[in-house]
Number of protein chains: 2
Amino acid sequence: MTLSPTLLESLRATFAPDALSTGEAERIAYSYDNSRLHALPDAVVFPAEHAQVEALVRACRAHKVPVIARGRGSNTTGASVPVEGGVVVSFERMNRILRIDPDNRLAVVEPGVLNGDLQQALAPHGFFWPPDPTSAPWCSVGGNLACNAAGPRAVKYGSPRENTLGLRAVAGSGEGFRCGTYTSKGATGYDLTRLLIGSEGTLALITEATLKLTPKPSSVRTLRATYRDVGAAARAVARIMAQPVTPCALEFIDDVALKLAHAHGGDSVPLAGAMLMIEVDGEPATLDSAVAAVAAAARGDGLDELRVAQSAEETGALWAARRALSPAQRTISPNKINEDVVVPVSHLPALVDGIKQLSARHDVLIVTFGHAGNGNLHVNLLPRDEVERERAHACLADVFALVISLEGTLSGEHGIGMIKREFMPLALEASTLGLMRSVKTAFDPDGILNPGKLLP
Amino acid sequence: MTLSPTLLESLRATFAPDALSTGEAERIAYSYDNSRLHALPDAVVFPAEHAQVEALVRACRAHKVPVIARGRGSNTTGASVPVEGGVVVSFERMNRILRIDPDNRLAVVEPGVLNGDLQQALAPHGFFWPPDPTSAPWCSVGGNLACNAAGPRAVKYGSPRENTLGLRAVAGSGEGFRCGTYTSKGATGYDLTRLLIGSEGTLALITEATLKLTPKPSSVRTLRATYRDVGAAARAVARIMAQPVTPCALEFIDDVALKLAHAHGGDSVPLAGAMLMIEVDGEPATLDSAVAAVAAAARGDGLDELRVAQSAEETGALWAARRALSPAQRTISPNKINEDVVVPVSHLPALVDGIKQLSARHDVLIVTFGHAGNGNLHVNLLPRDEVERERAHACLADVFALVISLEGTLSGEHGIGMIKREFMPLALEASTLGLMRSVKTAFDPDGILNPGKLLP
């Protein structure tokens with residue numbers, strides 16, 4: 001499909017020549033995301049303001065042409081791949097921090113602001129915005145909101161749904177609207193803010209966000225605990241989360257992932273049956289008792305060694321290794337299947353044991369690590385060739401069935417995109433999916449926003 | 001209107017004789033709520049299980065008869081008054097705590113469980129559920145969810161939207177569904193859970209809730225600070241919230257309210273220009289530094305006295321007086337107009353000053369107190385007769401205009417109900433209201449759920 005001359009004319013009336021591209025080079029550059037799936041859009045636009053997004057959606061709606069919002073394409077589910085063509089809307093030029101308001105613990109930003117740039121701007125004020133995906137330096141806040149993307153700190157500070165006060169957006173109808181508040185509390189009508197967060201650009205395009213800020217704790221301490229095997233580490237996670245001191249990070253890394261991280265991070269990363277990285281934060285006077293409480297829970301059958309990181313360098317090396325895990329797996333399998341299932345924390349031991357069994361039964365290498373404090377594990381299947389890839393797909397269905405049987409769900413922070421759509425009926429009742437489809441129609445009557453995503 | 005014989009027959013097939021009433025006495029008993037507005041329903045039913053609610057909504061939908069969910073009627077906005085008749089669904093018999101799961105920090109409850117009963121059941125496990133309306137001993141969790149009702153602790157721990165993982169419900173279509181998760185994180189489709197919370201029974205009837213629990217801090221300390229006038233106290237609130245230690249309660253009480261509280265609570269309640277009650281909680285080792293940080297912020301121009309409550313009795317008396325404020329106002333005005341506006345915290349000084357001016361200009365007594373840490377003030381207009389009542393209504397419109405001009409919104413925790421519907425266009429754009437109406441239609445195509453509420 002190519003865009004009709006009348007639609008192109010509308011687009012040219014809205015966007016300057018350097019903000020609208022139909023050339024093949026740009027279309028290819030915006031055809032894929034970190035899922036490595038790809039499909040060519042018919043055009044790419046770079047809005048600089050809300051009004052342009054309204055005009056764009058209206059024009060595309062009149063021609064029934066798909067509109068695909070895009071942050072920086074760091075998502076892993078194909079959520080920003082234009083599978084049915086249409087116009088990709090890259091928000092990279094709407095990247096202004098409009099207001100930092102420490103007195104009211106809020107910031108107002110455009111969607112293209114990078115997560116890492118925002119954190120740097122907030123730091124001098126003593127605040128941070130909790131969502132911290134591994135891709136923070138190069139992913140956008142708008143993308144974080146679209147996917148409800150989180151990261152290690154969510155265990156204590158929550159995901160974007162818990163850290164956003166209000167939004168400005170353009171619905172699939174072409175209408176601009178504001179929802180939410182500038183206040184930390186509100187009961188004025190339906191919560192459209194949280195409805196948009198995690199909707200992956202299928203309901204509306206976010207053009208402005210009012211974010212809830214959190215005071216930055218002045219101190220942090222990092223512990224590492226190594227265990228005989230994954231089951232012992234998973235049981236320790238459940239014990240840590242059952243006591244009152246909530247860590248600000250509680251990361252699990254299995255034996256296979258440790259080998260990868262060791263290769264990348266060097267000797268500061270131990271080789272063991274499994275490792276937990278545990279961080280506690282707060283005021284300096286509170287940390288000794290917090291470390292003691294968490295350490296007591298971390299001890300138990302199967303613990304090999306528990307130690308507090310001795311220096312900023314050691315802490316830095318542990319985190320660098322943890323952050324390198326996702327890209328490092330590409331060295332084994334360019335076609336890794338990257339999942340982020342989540343179960344209630346007490347079911348983590350059953351999940352990690354079950355995954356080891358599925359890995360053996362299907363003869364597929366699986367690396368497991370992630371945000372164990374939320375029960376949120378990255379279960380990465382690493383097929384090395386086409387034959388293994390078929391086995392991996394069969395294995396994946398079993399992984400999801402295991403997760404659902406343990407009261408879990410398909411995604412903790414990556415979202416559904418293209419890749420998990422077909423599994424949605426495993427996680428949600430038909431009536432729930434039906435309501436989600438009705439909500440979609442309410443916002444996007446002609447189904448032009450990011451077609452082929454999220455809903456099966 | 002009376003119910004048709006065929007609908008009555010359907011209801012009798014679903015509900016035993018002691019769970020269905022069409023007698024006048026019960027209909028009157030369920031005709032009003034704490035707003036003191038009233039309208040007779042045609043019948044009252046007392047479901048014991050989800051399936052009965054599904055059958056009820058289907059039957060009523062077939063006859064286009066209104067269905068009004070009811071917790072314990074403690075709301076102040078008329079949200080549970082059956083203004084168009086129909087069937088009131090009282091959830092008082094669905095009051096079981098189905099599961100307390102400290103390992104996963106969650107509880108599963110039926111909607112009729114009283115907030116206070118839940119807290120008592122959780123205490124031995126070392127957990128609590130943060131929402132704590134003044135009516136906690138006699139209000140239901142279902143009602144708390146329907147109204148997004150909060151209370152003093154929300155300043156640190158959030159409202160129901162931040163403390164609920166998942167729901168089971170019946171939409172206005174008659175379809176039962178589950179939404180949300182049993183996990184502390186999720187990105188599997190649209191967030192219908194938060195959409196239902198605060199929707200005041202206009203989208204669906206909640207039949208089960210999975211609540212997120214928080215570890216109960218082992219220690220708490222209460223401070224009281226008195227100020228020369230309301231402006232000085234409001235400026236102190238803004239200072240307290242701009243520093244990193246977040247209190248677990250930060251209540252503001254103005255001079256008029258202090259007189260009322262003094263009359264009720266005795267000498268432990270001071271008479272002053274304004275008072276703040278400040279609580280900090282945490283592990284014992286952390287409290288000295290927390291109190292010091294908060295106290296430093298509370299000091300400033302206009303402070304009369306700052307002291308830490310010296311005993312459990314003194315703390316108890318302060319809270320008893322605070323809790324008695326709402327009922328005590330009835331002694332002045334049986335027709336009090338009870339608002340709960342909210343503004344960004346730094347705008348509190350402008351809000352309280354503006355309200356004093358409006359009180360003088362319209363010659364209406366106004367009592368102001370509430371959850372200042374969230375910028376959420378109960379602005380209660382106390383007309384003593386019909387003439388004053390008319391002046392109060394004119395004043396109220398000016399109060400809302402003031403709030404909106406200060407980036408605030410109509411309600412922090414009471415919701416909209418009947419009383420604030422007409423003011424919704426002040427707070428929300430026409431496009432936002434239009435989307436809310438479309439969402440309503442998606443859940444409740446025939447508009448039978450709680451008609452005449454929330455949306456103008």
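The values are calculated or read from the model by the stated rules, or taken from the named source; none is laboratory data. Quick caveat, the model's predicted, so the values are computed rather than measured. Neighbour counts run over all protein chains shown; Cβ positions are idealised from the backbone, glycine included.
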Which of the residues spanning segment A:140-149 are of a type in the set (G, A, S) and more than 9 Å from chain B (Cβ to nearest Cβ)? A:S140, A:G142, A:G143, A:A146
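Looking for something surrounded by 20 or more Cβ atoms within 10 Å (Cβ to Cβ), within 13 Å of chain B (Cβ to nearest Cβ) and at pLDDT 95 or above - is there at least one such residue anywhere in segment A:267-279? Talk me through it step by step, then tell me what you get.
Keep residues of segment A:267-279 that are surrounded by 20 or more Cβ atoms within 10 Å (Cβ to Cβ), which gives A:269, A:272, A:274-279.
Pick out the ones that are also within 13 Å of chain B (Cβ to nearest Cβ) and you get none.
Looking through segment A:267-279, none of the residues is surrounded by 20 or more Cβ atoms within 10 Å (Cβ to Cβ), within 13 Å of chain B (Cβ to nearest Cβ) and at pLDDT 95 or above.
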Note: among B:L114, B:L98, B:L56, just one is surrounded by fewer than 16 Cβ atoms within 10 Å (Cβ to Cβ) and closer than 23 Å to B:I197 by Cα, namely B:L98
Filter segment A:428-444 for residues that are of a type in the set (A, V, I, L, M, F, W, C) and more than 7 Å from chain B (Cβ to nearest Cβ); the one that is farthest from B:V439 (Cα to Cα) is A:A430
hydroxyl-bearing (S, T, Y) and within 26 Å of B:F127 (Cβ to Cβ) - does that describe any residue in segment A:261-270? no
I'm trying to understand the selection: among the residues of segment B:362-403, which are within 14 Å of chain A (Cβ to nearest Cβ), surrounded by 22 or more Cβ atoms within 10 Å (Cβ to Cβ) and outside any loop (DSSP other than H, G, I, E, B)? B:G370, B:H371, B:A372, B:G373, B:N374, B:N376, B:L377, B:H378, B:V403
Which one is nearest to B:I68 (Cα to Cα), of the residues in segment B:13-33 that are charged (D, E, K, R) and exposed (fewer than 12 other Cβ atoms within 10 Å of the Cβ)? B:E24
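Within segment A:245-345, which strands (runs of 3 or more DSSP E) (wholly inside it) include 1 or more residues that are farther than 30 Å from A:G415 by Cβ and not hydroxyl-bearing (S, T, Y)?
Strands (runs of 3 or more DSSP E) meeting the threshold: A:274-282, A:303-308.
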Taking the options B:V108, B:V170, B:V81, B:V88, name whichever one is closer than 22 Å to B:K420 by Cα, in a strand (DSSP E or B) and at pLDDT 95 or above. B:V88
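Given the criteria of a type outside the set (G, A, S), over 30 Å from B:V53 (Cα atoms) and not assigned by TED's automatic domain parsing to the domain that holds B:R70, does B:D444 qualify? Break it down into steps so the answer makes sense when it comes.
Working: of a type outside the set (G, A, S): yes; over 30 Å from B:V53 (Cα atoms): no; not assigned by TED's automatic domain parsing to the domain that holds B:R70: yes.
Taking the combined requirement at face value, the residue does not satisfy it.
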In segment B:218-241, which residue that is surrounded by fewer than 19 Cβ atoms within 10 Å (Cβ to Cβ), closer than 20 Å to B:A295 by Cα and of a type outside the set (K, R) is nearest to the chain's Cα centre (by Cα)? B:V220
Condition first: modelled with pLDDT under 95, within 25 Å of A:G198 (Cβ to Cβ) and among the basic types (K, R). Can you find one or more residues in segment A:24-46 that meet it? yes
Checking B:L303, B:L381, B:L348, B:L377 in turn, the sole residue that is in the same structural domain as B:R224 (by TED's automatic domain parsing) and more than 27 Å from A:D103 (Cβ to Cβ) turns out to be B:L381
Segment A:150-162, subset facing chain B (nearest Cβ under 8 Å), in contact (Cβ under 8 Å) with a residue 60 or more places away in the chain and part of a loop (DSSP other than H, G, I, E, B), residue farthest from the chain's Cα centre (by Cα): A:S159
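Being under 30 Å from A:I419 (Cα atoms) and of a type in the set (D, E) is true for just one of A:D281, A:D340, A:D288, A:D301. Which residue is that? Talk me through it step by step, then tell me what you get.
Numbers: A:D281 fails: under 30 Å from A:I419 (Cα atoms); A:D288 fails: under 30 Å from A:I419 (Cα atoms); A:D301 fails: under 30 Å from A:I419 (Cα atoms).
Answer to the selection: A:D340.
Give the residues of segment A:163-182 that are touching a residue at least 40 places away in the same chain (Cβ under 8 Å) and either facing another protein chain (nearest Cβ under 7 Å) or not β-branched (V, I, T) (or both), sorted by residue number. Before the answer, list the steps.
Here is the first cut: in segment A:163-182, the ones touching a residue at least 40 places away in the same chain (Cβ under 8 Å) are A:163-168, A:170-176, A:182.
Listed by number, the residues that qualify are A:N163, A:L165, A:G166, A:L167, A:R168, A:A171, A:G172, A:S173, A:G174, A:E175, A:G176, A:Y182.
Would you mind finding the one in A:P133, A:P137, A:P217 that is in a loop (DSSP other than H, G, I, E, B) and within 10 Å of another protein chain (Cβ to nearest Cβ)? Explain how you work it out, then say what you get.
Numbers: A:P133 fails: within 10 Å of another protein chain (Cβ to nearest Cβ); A:P137 fails: within 10 Å of another protein chain (Cβ to nearest Cβ).
Answer to the check: A:P217.
Suppose we filter B:K420, B:K440, B:K453 for residues that are surrounded by 20 or more Cβ atoms within 10 Å (Cβ to Cβ) and over 18 Å from the mean Cα position of the chain (by Cα); which single one remains? Show your work before the answer.
Details: B:K420 fails: over 18 Å from the mean Cα position of the chain (by Cα); B:K453 fails: over 18 Å from the mean Cα position of the chain (by Cα).
After ruling out the rest, the residue left standing is B:K440.
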Taking into account only those residues within segment A:404-427 that are charged (D, E, K, R) and touching a residue at least 60 places away in the same chain (Cβ under 8 Å), which is farthest from the other protein chains (Cβ to nearest Cβ)? A:K420
Pairs where the first residue, in segment A:6-23, is over 13 Å from A:V53 (Cα atoms) and free of Cβ contacts under 8 Å to residues at least 12 places away in the same chain and the second is part of a helix (DSSP H, G or I) and not aromatic (F, W, Y), C-beta under 6 Å, 6+ apart: none
If we scan segment B:115-122, do we find a residue that is out of contact with any Leu (no Cβ under 7 Å at 6 or more places or on another chain) and within 22 Å of B:P66 (Cα to Cα)? no
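So which residues in segment A:235-244 are of a type in the set (A, V, I, L, M, F, W, C) and outside any loop (DSSP other than H, G, I, E, B), if there are any at all?
Quick first cut of segment A:235-244, residues of a type in the set (A, V, I, L, M, F, W, C) only: A:236-238, A:240-242.
Within segment A:235-244, A:A236, A:V237, A:A238, A:I240, A:M241 qualify.
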Identify the residue in segment B:183-196 that is facing chain A (nearest Cβ under 7 Å) and aliphatic (A, V, I, L, M) and, among all such residues, is nearest to A:D340 (Cα to Cα). B:A187
